[in-house]
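Note sheet for the following structure.
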Amino acid sequence: MIAPHIKELMNNKGSSAIRRMFEEGIALKKQFGEDNVFDFSLGNPDLDPPKEVLEAIKEVSEDISHGAHGYMPNAGYPEVRESMAKKVSLEQGVSVSGKNIVMTVGAASALNCVFKAILSPGDEVLVPSPFFAEYRHYVRNYGGILVEIPSNDDFSINLELLKSKLSSKTAAVLINNPNNPTGKIYSEDDVKALSEILKEHSKKSGRTPYLICDEPYRAITYDGQKVAPAFQFYESSVIVTSFAKDLSLPGERIGYVAVNPKCSDADEFSSAVTFSLRILGCVNSPAFFQKVVAKSWNAKVDYSSYEKRRNLLMKNLDNAGIKYYRPQGAFYLFCKVPDSWNDDDAAFCDHLKKHLILAAPGTGFGGKGWFRLAYCVSEKTIVNSEKAFIAAMNDRS
Ligand SMILES: Cc1ncc(COP(=O)(O)O)c(C=O)c1O
């Protein structure tokens, strides 16, 4: 018998909306033709992996030495962890070593391993909303409670509100920078201010919350923006990330956890995350792609095509009269449901679907009255969608 709580979660409309829409999109494309369906539902990168990745795949596949496909230490190949440490050191401006890295099965597994390692039942994880919808599951998986902190109007963190929600139950604050679904990049000043709030809280309460920074979109930024290095501002900080978005490898399930070497329990933290990876049944991160990313993590990728797609889609929305937040990173546009729809994002997404536009309702992300468009699709899809957006806005049926 399937556990009733899993049945309930599976059938929950909001929780599985995006995946369902992705599958509906495939069916609609079969029915109406690839070019006539505008599928903005899923953050599945449209760019091919860069040539450095493709060359590394070739090189790794040529290694037929004994043991090349065997088990390795659960945290990953030592040389791969060292190369990830080099990457994190450059990004964070702090010297990180291989022992501070645990290779994982994408960022999703990195988050699950961290929550498995740190959460006791009833512990809270504070997250600015809107947020990546799967966080609800990842925290609930380990008996934790996700506490949503509605953001300011410009989607910056509401620091005062967050401060007021900190308690002895707070195990962690989770920020996603750049943010999915809004494309917001939290400013360095805000990350510093958040760090100060957490330090003050830990002094007062005796419990130091971890600051978990989910950063799979770190490299995908526009208008010269950069993501702040949290390791410089807060010792109990952790990065969870993957190569799903920046190297266009979401299906290969390759990512890592990096713990700040200055964290008071850094070594125990890495050990607990490694143990969690093992007992959750992942055992270790995929061997082949560990070796691939160790050779290609510093590939020079041109994200200007995403920026171009963002600009094209913003123009379509302007022409259709749809309001949105101008994203600074990632590849999502978070759009306001038109006033006449009374914030009913699910109904408005159903309406868009009638015009063969697939969009994700904002409620699943903790952003009622909004909807998300993932613009990691072909330029042609974006250009051709203009008429459909205009028709949907003119259609009062
Ligand atoms: C904010 C955020 N975190 C984590 C993930 C999971 O990434 P991965 O595919 O590497 O597990 C995603 C995927 O879309 C995401 O958007």
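The values are calculated or read from the model by the stated rules, or taken from the named source; none is laboratory data. Please read these numbers as outputs of a predicted model, since none were measured by experiment. Here the Cβ is made from the backbone with ideal geometry for all residues, glycine too, and neighbour counts use every protein chain on show. Side chains are part of the model used for accessible areas, which takes the heavy atoms of the whole protein and leaves out ligands, DNA and RNA. Shrake-Rupley method; radii C 1.70, N 1.55, O 1.52, S 1.80 Å.
Could you tell me whether Ile157 is more than 15 Å from the ligand (Cβ to nearest atom) and either outside the structural domain of Lys368 (by TED's automatic domain parsing) or in contact with a helix residue (DSSP H, G or I) (Cβ under 8 Å, 6 or more places away or on another chain) (or both)? Yes, satisfied.
Number of residues in region 219-233 that are in contact with a helix residue (DSSP H, G or I) (Cβ under 7 Å, 6 or more places away or on another chain) and surrounded by fewer than 24 Cβ atoms within 10 Å (Cβ to Cβ): the value is 6. On the basis of being under 19 Å from the mean Cα position of the chain (by Cα), open to solvent by 10 Å² or more (accessible area, probe 1.4 Å) and away from the ligand (no atom under 16 Å from the Cβ), does Pro250 make the cut? The answer is no for Pro250. For region 228-246, indicate whether the set of residues that are of a type in the set (Val, Ile, Thr), on the phi < 0 side of the Ramachandran plot and assigned to a loop (DSSP other than H, G, I, E, B) is non-empty. Looking for residues that are of a type in the set (Val, Ile, Thr), on the phi < 0 side of the Ramachandran plot and assigned to a loop (DSSP other than H, G, I, E, B), one finds none in region 228-246, hence no. Cβ-Cβ contacts under 8 Å between residues 6 or more apart (or on different chains), taken from a first residue in region 320-335 that is touching a residue at least 12 places away in the same chain (Cβ under 8 Å) and open to solvent by 30 Å² or more (accessible area, probe 1.4 Å) to a second residue that is part of a strand (DSSP E or B) and within 16 Å of the ligand (Cβ to nearest atom), are listed as Tyr324/Leu333; Tyr324/Phe334; Tyr325/Leu333; Tyr325/Phe334; Gln328/Thr221.
Among the residues of region 33-42, not a single one is closer than 30 Å to Ala388 by Cα, within 16 Å of the ligand (Cβ to nearest atom) and open to solvent by 60 Å² or more (accessible area, probe 1.4 Å). Among the residues of region 166-183, those that are away from the ligand (no atom under 15 Å from the Cβ) and closer than 15 Å to Tyr142 by Cα comprise Lys169, Thr170, Ala171.
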